[in-house]
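Here is the structure we will look at.
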Ligand code: SF4
Ligand code: SF4
C-alpha cells in the first residue's frame with residue numbers, strides 16, 4: 001500500500017501519487033497460471049495441445065533472440081522492421 | 001499520436017456535422033461538433049427550445065487524433081452487421097427505430113439483460129429502481145432464456161453477456177441464470193453488481209462459490225472510492241467500505257479472480273478518488289482484472305451553468321488518471337479508442353476460425369489501456385513497455401486490407417476436376433494457406449514486441465488459437481483500465497448510437513425481443529418499454545430492503561437477534 005496519503009479538510013484520505021507497486025505481485029502472476037491450470041483440466045483445452053505448446057516454446061526462443069538482435073540493431077531497427085514488413089505483406 | 005504530428009489537419013480547427021436530439025422535446029435536430037477555446041463542443045438548436053451546448057472533450061489534439069482518417073488508418077469503423085431485426089417505421093430514423101433497425105452498423109458485443117429493478121440500495125443517480133419507478137420489472141426464466149436465444153442465434157453472436165438491474169444478485173435464481181447463459185454459449189458471463197450477494201456475512205462466501213461454479217466469470221463491481229464519505233455521498237449508505245472489501249475477500253477465497261472495479265465519475269465527488277481506485281486495484285491485483293470509469297450521464301432539466309459544473313468527459317478522466325498517477329499513465333501515449341483493435345480481432349478470428357469480436361463502437365465512446373507488472377521492478381507499467389501498439393495496429397490494418405474477404409473466397413480448384421476427393425484436396429490447400437498467413441502475422445506481431453515472458457506466451461496463444469481461454473489467461477496477467485462515457489440527451493450523437501456494441505435485450509409480451517443500444521435505451525426508450533413489461537409492485541417488494549443500510553430486512557433482523565444489531569461498532 002502506498003504511504004503517500006494525505007487527508008483533506010473533510011477527512012478524505014487521498015493519494016498524492018500512486019506508486020503503482022502491487023503488494024500481491026506474486027499472487028497476480030499466479031492468477032494467470034491458475035487460470036491456465038483451470039482450463040487445462042478440460043480435455044479440449046488449447047493448453048493441452050501438444051503442437052501448440054511446442055510452437056509457443058519455439059516462439060519464446062525466437063522472441064528472446066529477437067530482443068537481443070533489436071538491441072544490437074540500435075537505430076537501424078526501424079529500417080529493418082520496414083523491410084521485414086514489406087516481405088510479410090508481399091504477395092498477399 | 002504520430003499519425004497527425006505535423007499535418008495540416010492538426011493545425012485546423014475541428015468541425016463536423018451530425019444529428020442529435022433536443023434534451024427537452026427529444027426531437028431530432030442538427031448538431032455540430034466544433035473546436036472552441038481549446039475544447040471540443042457539441043452545439044445544437046431546437047426551433048422550439050433554443051440553443052444547447054455541451055462539452056465533448058477537453059483535449060482537442062487527442063480528440064482530433066481519434067477522428068483522423070487515412071486510407072490505412074481510422075478509428076471510425078463500420079461493423080460486420082447482423083441482419084436487422086425490424087424495419088424502422090419512424091420516418092425520422094435513428095434513434096427512434098430501435099431495434100435493431102437496418103441503420104445499425106455494428107454488431108452487439110456485449111448483451112445486457114436487466115434481471116430486476118429491485119435493489120438493496122437507492123443511489124441518487126440511478127435510473128432503474130423499483131422505488132423510484134413504482135413498478136416491478138423482473139423477467140421470468142423463460143423470458144431470459146428467450147433473450148439469450150435471440151442474441152446467440154445471430155450470425156455474429158455476442159460472446160459476452162452482462163446482467164444488470166437494479167441489483168441482479170437479489171434474485172434467488174441468480175445461479176441458475178448464470179448456468180443458463182453458459183448453456184447458451186456465452187463465453188464470458190458478467191454481472192453488474194454493488195456486491196450484495198457476494199458480501200453477505202452469513203453465506204456470502206458459499207454463495208460466491210456457487211455462482212462461480214454455475215458459470216459467472218466476472219463481477220462488474222460498483223466501486224466509487226475507498227473513503228466511506230465518498231460512498232455515502234454517491235450511494236447514501238454509511239460505512240460501505242467494509243461491505244466492498246468483503247466482496248473482494250470472498251471472491252479471492254472462492255477463486256473468482258475476475259473483478260472489474262466500476263467507478264462512476266462525478267466531478268468534485270468521486271473524481272478525486274481516481275488514483276485511490278487505481279491503487280486499490282493494484283493492491284488487489286490477484287483478483288481485480290480491470291477498472292472502468294464511467295463519467296456520469298446527466299438526466300433531467302439542467303441549466304447551462306449546472307452543465308458546466310457537472311459535465312466530465314472521457315478526456316477529463318484520462319487526464320485525471322495521468323495526474324493522479326504522476327504521469328505514468330499518460331493521455332498521449334497510453335490510451336486508445338476501443339475500436340483500435342478491430343482489424344487485429346478480425347485477423348485473429350479468421351485465422352483461428354473463432355467467433356469474431358468486433359469493437360466497432362464510435363471513437364468517442366470508450367478508451368482503454370492495459371497495465372502489466374514488470375517482473376524486474378515489480379512495478380505496474382503501461383503495456384506499451386511490452387508492445388509497440390501503434391505499429392501493431394498499423395500492421396494489422398495493412399494485413400487485414402490484404403486478406404479481407406478471403407474467408408468468402410475459399411479455394412475450389414480441385415473440386416472441379418475430381419469431385420469429392422478434390423474437395424478434400426481443396427480443404428488441404430485452404431488449411432495450408434491459413435498456416436502461411438498465421439506465420440506471416442505472428443512474425444509481424446513479434447517484430448513489435450519488446451519483452452519476452454509469460455505474458456507474451458499468452459499473447460502468442462491468443463494469436464494462435466483465438467480461443468476465449470487464451471484471451472482470459474492473457475487478461476489475467478494484465479490490468480485493463482478503460483473509460484466509457486455513456487450518452488445522455490445533451491451529448492447524444494447518432495453516429496455513436498448507430499455504432500453501439502452494447503445492447504439491451506428485453507422479452508416483450510408479444511413474444512418478440514426488443515434489442516436496443518444501451519444509450520438509446522436509457523435516453524429514449526426505457527420508460528415506454530418498461531411500462532409494457534412492468535408488473536405491479538407489492539409491499540413485500542417495497543419493504544424487503546433497508547436502503548439506508550443496503551441490507552435485507554430479514555438479515556438485519558437476524559443480526560439483531562444474534563448480536564444485538566448490525567455493525568454496532570461502525571455506527
Ligand atoms: S440506435 Fe441503432 S437500432 Fe436504434 S434506431 Fe439507431 S440505428 Fe436503429
Ligand atoms: S453504450 Fe453508449 S457509449 Fe457505449 S458503445 Fe454504446 S453508444 Fe457508445
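Every read-out reported here was derived from the displayed coordinates using simple, explicitly stated rules and does not represent laboratory data. Just so we're clear, the structure is a prediction, and the values are computed from it rather than from any experiment. Neighbour counts run over all protein chains shown; Cβ positions are idealised from the backbone, glycine included.
Inter-chain neighbour count for B:443-454: the average number of beta-carbon atoms from partner chains within 10 Å of each residue's beta-carbon is 5. Counted over the protein assembly as shown, the DSSP beta bridges are approximately 60% antiparallel.
Taking every alpha-carbon pair under 8 Å whose residues sit at least 6 apart, chain B reaches a relative contact order of 18 percent. Partner shielding of B:269-279 amounts to 4, given as the average count of beta-carbon atoms from other chains within 10 Å of each residue beta-carbon. Taking every residue in A:34-45 and counting other chain Cβ atoms within 10 Å of its Cβ, the average works out to 4.
To one decimal place, what orientation-averaged projected area in nm² is obtained for the convex hull of the Cα set of the protein assembly as shown?
Over all viewing directions, the protein assembly as shown projects a mean Cα-hull area of 32.4 nm².
Model label sites at residue B:451 and residue A:42, defined 7 Å from Cα along the beta-carbon direction, differ in position by 3.0 nm.
Relative to the dominant Cα principal axis of chain B, helix B:141-152 is inclined by about 20°. Pairwise Cα separations in chain B fall into 20 Å bins from 0 onward with the following percentages, short to long: 19, 55, 24, 2, 0.
The distance separating the Cα centre of segment B:24-53 from that of segment B:382-450 comes to 45 Å. From most to least packed by mean Cβ count within 10 Å, the peptides B:193-202, B:49-58 give B:193-202, B:49-58.
By its C-alpha gyration tensor, with a ≥ b ≥ c as the square roots of the eigenvalues, how is segment A:49-92 shaped: rounded for a/c under 1.5, else prolate for a/b larger than b/c, else oblate?
Cα axes put segment A:49-92 in the oblate bin.
Does segment B:438-571 come out rounded, prolate or oblate, given a ≥ b ≥ c as the square roots of the eigenvalues of its C-alpha gyration tensor, rounded meaning a/c under 1.5 and, failing that, prolate meaning a/b above b/c? Since a/c reaches 1.5 but b/c is at least a/b, the shape of segment B:438-571 is classed as oblate. Highest-first packing order for the peptide set B:230-238, B:549-557, B:498-506, B:98-106 is B:498-506, B:98-106, B:230-238, B:549-557, based on the mean count of other beta carbon atoms within 10 Å. Under the simplified labelling scheme, the residue B:512-residue B:1 pair shows an inter-label distance of 4.5 nm, with each label point 7 Å from Cα along Cα→Cβ.
In this simple spin-label approximation, residue B:132 and residue A:84 carry label points 7 Å from Cα along the Cα→Cβ vector, and these lie 5.3 nm apart. The calculated FRET efficiency for residue B:71 paired with residue B:149, based on their beta-carbon distance and R0 = 30 Å, is about 0.15.
Remark: the residue B:36-residue B:13 segment gains 7.5 nm on full extension, using 0.36 nm per residue and subtracting the alpha carbon distance. In chain B, the longest principal axis of the Cα atoms and the axis of helix B:553-563 are about 60 degrees apart. When peptides B:305-318, B:527-540 are ranked by their average number of other Cβ atoms within 10 Å per residue, the highest-first order is B:305-318, B:527-540.
Legend: calculated FRET efficiency, residue B:379 to residue B:418, from the Cβ-Cβ distance at R0 = 56 Å, rounded to 0.05, equals 0.35. Applying 1/(1 + (r/R0)^6) with r as the Cβ-Cβ distance of residue A:50 and residue B:433 and R0 = 25 angstrom yields a FRET efficiency of 0.60. With respect to chain B, whose longest principal axis is taken over its alpha-carbon atoms, helix B:314-324 is tilted by about 80°. In plain terms, the chain from residue B:556 to residue B:125 could stretch by 152.6 nm, reckoned as 0.36 nm per residue minus the Cα-Cα distance.
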